[in-house]
Each structure stands twice: as structure tokens, then as C-alpha cells.
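To keep things clear, I will list the structure first and then write my remarks on it.
The values are calculated or read from the model by the stated rules, or taken from the named source; none is laboratory data. Here the structure is a predicted model, which is why all the values come from computation and not from measurement. No Cβ is skipped: glycine too gets one built from the backbone with ideal geometry, and neighbour counts run over all protein chains shown.
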Amino acid sequence: MVNIGLSIYPAKSTFAQDKEYLDLARKYGFTKIFTSLLEIEGDADQVINQFKRIMDYGNSIGMETILDINPGLFKQLNISYDDLSFFKELGAAGIRLDLGFTGLEEASMTKNRYGLKIEVNMSSGTKYIENILSYHPNRDNLCGSHNFYPQTYSGLSQSHFEETTALFNKHNIVTAAFVTSQEGELGPWPVQSGLCTLEQHRNLDIQTQVTHYRLMGTIDDLLIGNAYASEGELKRMAAACLDLHPNFELELIDGLSDVEKKIILDEIHLYRGDRSEYMIRSTSTRIKYKNESIPAHHTKPIKKGDVLICNDDFGQYKGEAQIAIKDMKNEGNRNVIGQLKKDTIFLLDYLKPWSTFKFSL
């Protein structure tokens with residue numbers, strides 16, 4: 001099960017704002033906090049105290065913080081990589097190295113006496129993690145996370161994401177990535193157009209972003225990059241991550257029978273294992289509803305993303321639920337009862353045979 005988290009930026013907000021946000025997120029099962037301390041401007045003690053106060057509060061409600069830093073901060077605060085007591089006293093559960101060292105330092109830091117997690121950058125596309133592992137780190141304290149990208153069109157491609165994530169999955173290292181709120185406007189830099197890891201997610205609803213990660217199954221922790229997400233977004237993200245079954249959002253046509261609505265909306269569907277090139281089949285409904293009448297209607301040509309129910313003209317297949325994954329002719333025995341929301345149709349490419357799923361409006 002994926003852990004969910006969010007980001008706060010204490011240098012640009014107030015304790016009251018962040019506290020309210022953390023309380024709201026905790027209500028929906030959020031357990032992770034990301035924040036950024038790449039450099040300290042102004043009164044260092046004042047800035048550090050701002051961070052410590054909200055991180056301590058997060059700890060008090062069961063939310064642990066990863067603090068994003070870079071080597072320059074070590075120099076600015078006169079911190080040595082072999083003594084991480086500063087970050088422990090600050091209240092951090094771990095530190096993320098925005099820019100890495102040589103590999104030896106990262107490995108050494110994983111052996112810190114405080115049990116702090118050392119999170120390294122997954123997005124570079126180099127053999128960085130292999131280099132760190134060659135220095136025999138404490139793997140229990142080593143994890144990775146992808147970057148987020150504030151500039152439109154600068155996020156990771158799907159192929160690069162898969163390649164770089166596989167390097168960490170290969171070694172069973174805990175992974176993290178970022179989704180973006182469509183309502184949050186606060187980030188670590190003055191200019192941002194969302195804060196996502198994957199470019200294709202930038203303008204998508206948060207539930208769709210999260211469901212994509214869930215179906216890929218390669219990321220352990222998902223965090224919202226920008227603040228502040230709305231309560232609705234927090235709720236949808238939690239549902240997409242924590243529900244027992246992935247959820248496909250559906251737009252139904254008008255005038256459906258109660259039986260058709262029950263078949264689609266009340267059942268947990270199972271993607272039949274002998275996969276077809278043309279459709280995802282959920283066959284248990286044809287057994288449960290075999291004595292119900294499903295008259296033919298809306299038997300138009302079928303497009304990818306259409307949701308179908310086999311009708312009375314389809315013999316023993318009557319009542320079977322299907323999702324089209326390729327355009328096909330309709331021979332009159334399949335009712336097109338709706339379609340997946342347009343922005344979510346690509347998710348079908350990631351659903352695997354023998355997976356369960358459900359539909360919602």
C-alpha cells in the first residue's frame with residue numbers, strides 16, 4: 001500500500017496555515033511531509049525555528065518530515081556529513097539530498113546513529129545509486145525520490161521515469177514521487193506551473209495521477225508537491241491510494257436500467273486473465289445477473305474507453321461487463337452504457353490481467 005504525503009514551505013507561510021493543512025491531511029490518512037531547506041536567507045535562527053516548530057507539530061500527530069537539502073547547506077551551517085545531529089534536533093525523520101556527494105558520503109550518512117533516512121535523487125538517469133551501493137550503505141536507511149518540476153514541459157517522460165525507477169526497484173529501495181494539486185500555488189520557487197514528477201500529470205485531476213502510480217506499482221510514497229491542495233483533492237488522493245481496488249471514473253449515459261447500474265457501479269470487477277486485444281472482460285456479473293433482462297440499446301460503434309454490458313441478444317454472455325481497449329464494430333449485442341472520463345482512458349494501458357477494479361461517477 002502506498003504512503004501518502006504533502007509538502008509545506010514554512011519560509012513562505014505561517015505556522016497557523018501549515019498546522020491547519022496538516023490537521024486536514026491527517027484526517028484523510030496522510031503520514032508524510034516534504035519540505036525544502038536548500039538555502040537559508042536572512043536570520044538563520046529564525047528560519048530554523050520556523051521549520052522546527054511545524055516539524056515538531058507534524059511529529060506530534062504522526063506525520064514524519066523529509067527535509068530537502070543540498071551540499072551548500074552543510075557548508076552554510078558548518079555541518080559535517082558524519083554528524084547529522086542538527087537534523088535530528090530539528091525534528092526531521094530524514095534528509096533528501098537534492099544534489100549528491102560522491103557516493104561514499106551518502107553511504108556513510110545512512111549509518112548515522114539517529115536512524116535518519118537518507119533520501120537520494122532518482123531522476124538523474126545515471127548509475128548514482130549503484131555507486132552508493134558500492135560503498136555498502138545501511139540499506140534500511142537508504143531511500144530515493146524523484147524530483148518535481150515547476151516548469152511546464154520540463155517533467156519526466158514516461159520512459160525515463162520507468163528506466164530510472166527500475167534502478168531503485170531492482171535493489172528493493174523505497175521510492176517516492178510527486179503529484180500536483182490543481183489548486184495549490186505555493187512551492188519553493190517564485191514561478192511554478194504545478195509541481196509534478198511526470199509531465200503528463202501536470203494538468204490532470206489528482207485522483208487520475210495517483211491511480212496511474214498505483215497501477216504502475218513501482219512507487220512506495222506519493223506526495224503532493226505544491227501547497228495547498230483543497231480538501232476535495234486530499235480526499236480523492238487518499239481514496240485513490242488507500243481503497244482496496246483502483247477506481248475508474250465513469251460518465252454514464254442517461255436512461256440506464258437499475259440492473260445495468262448495479263452491474264457497473266455495485267460490483268468489484270476482475271480483469272479476466274486470458275486477455276483480449278480488444279477488451280477488458282469482467283465475467284462474474286453474467287453469472288450473478290443471468291436471470292435479469294438486459295434489452296439491447298445504444299449499440300453504436302465502440303471506441304476505446306467505452307464501458308459495455310452484453311445484452312439479451314448475446315446468449316450466455318448476457319450481463320458481462322467490458323471496457324473497450326481498442327475500437328471495434330458493435331454487432332448489436334453490446335450496450336454502450338458510458339465511457340471512462342477522457343483524461344483517464346490512458347490508465348487502461350496499465351491495468352493488468354487478474355487485477356480487480358471498480359467504477360465510480
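Looking only at helices (runs of 4 or more DSSP H) that lie completely in the stretch 1-97, which have at least 2 residues being not assigned by TED's automatic domain parsing to the domain that holds Ile206? So that I can check it myself, show each step before the final result.
On the way: elements: 15-27, 44-60, 71-76, 85-90.
Ranges flagged: none.
Among the residues of the stretch 125-156, those identified as assigned to a loop (DSSP other than H, G, I, E, B) and touching a His at 6+ places or on another chain (Cβ under 8 Å) are Gly125, Gly155.
Entry remark, the stretch 19-32: residues being free of Cβ contacts under 8 Å to residues at least 60 places away in the same chain, surrounded by 15 or more Cβ atoms within 10 Å (Cβ to Cβ) and under 18 Å from Leu186 (Cα atoms) number 2 in total.
Table: residues versus (1) under 15 Å from Leu308 (Cβ atoms); (2) in contact with a Phe, Trp or Tyr (Cβ under 8 Å, 6 or more places away or on another chain); (3) loosely packed, with under 14 Cβ neighbours inside 10 Å.
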residue	(1), (2), (3)
Tyr228	no, yes, no
Leu234	no, yes, no
Cys241	no, no, no
Leu244	no, no, yes
Asn247	no, yes, no
Leu252	yes, no, no
Glu260	yes, no, no
Leu270	no, yes, no
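Taken over the stretch 298-319, the criterion of being surrounded by fewer than 16 Cβ atoms within 10 Å (Cβ to Cβ), under 11 Å from Gly332 (Cβ atoms) and over 36 Å from the mean Cα position of the chain (by Cα) is satisfied by Asp312 alone.
In the stretch 101-115, the residues that are in the same structural domain as Asn141 (by TED's automatic domain parsing) reach residues that are of a type in the set (Lys, Arg) with C-beta atoms within less than 9 angstrom, at least six apart or across chains, in these pairs: Thr110/Lys117; Thr110/Arg139; Asn112/Lys88; Arg113/Lys88; Tyr114/Lys88; Gly115/Lys88.
Every residue in the stretch 175-195 that is over 10 Å from the mean Cα position of the chain (by Cα), without any contact (Cβ under 8 Å) to a residue 60 or more places away in the chain and closer than 27 Å to Asn141 by Cβ, please. The answer is Thr175, and nothing else.
Can you tell me which residue is farthest from Glu249 (Cα to Cα) among those in the stretch 319-346 that are of a type in the set (A, V, I, L, M) and touching a strand residue (DSSP E or B) at 6+ places or on another chain (Cβ under 7 Å)?
In this case the residue turns out to be Met328.
Here is a list: Ser157, Ser145. Which entry is among the polar types (S, T, N, Q), in the same structural domain as Gln200 (by TED's automatic domain parsing) and surrounded by fewer than 21 Cβ atoms within 10 Å (Cβ to Cβ)? The unique qualifying residue is Ser157.
Among the candidates Gln322, Gln339, the residue that is free of Cβ contacts under 8 Å to residues at least 60 places away in the same chain and part of a strand (DSSP E or B) is uniquely Gln322.
If you go through the stretch 325-336 one residue at a time, how many are on the phi > 0 side of the Ramachandran plot and outside any loop (DSSP other than H, G, I, E, B)? Break it down into steps so the answer makes sense when it comes.
Within the stretch 325-336, the subset on the phi > 0 side of the Ramachandran plot is 332.
Filter once more, so that each one left must be outside any loop (DSSP other than H, G, I, E, B): none.
Residues in the stretch 325-336 being on the phi > 0 side of the Ramachandran plot and outside any loop (DSSP other than H, G, I, E, B): 0 in total.
Note on the stretch 98-124: among residues that are among the charged types (D, E, K, R) and assigned to a helix (DSSP H, G or I), the one that is nearest to Ile61 (Cα to Cα) is Glu106. Can Gly187 be described as at pLDDT 95 or above, of a type outside the set (Val, Ile, Thr) and in the same structural domain as Thr65 (by TED's automatic domain parsing)? Here the answer is no, as Gly187 does not meet what is asked.
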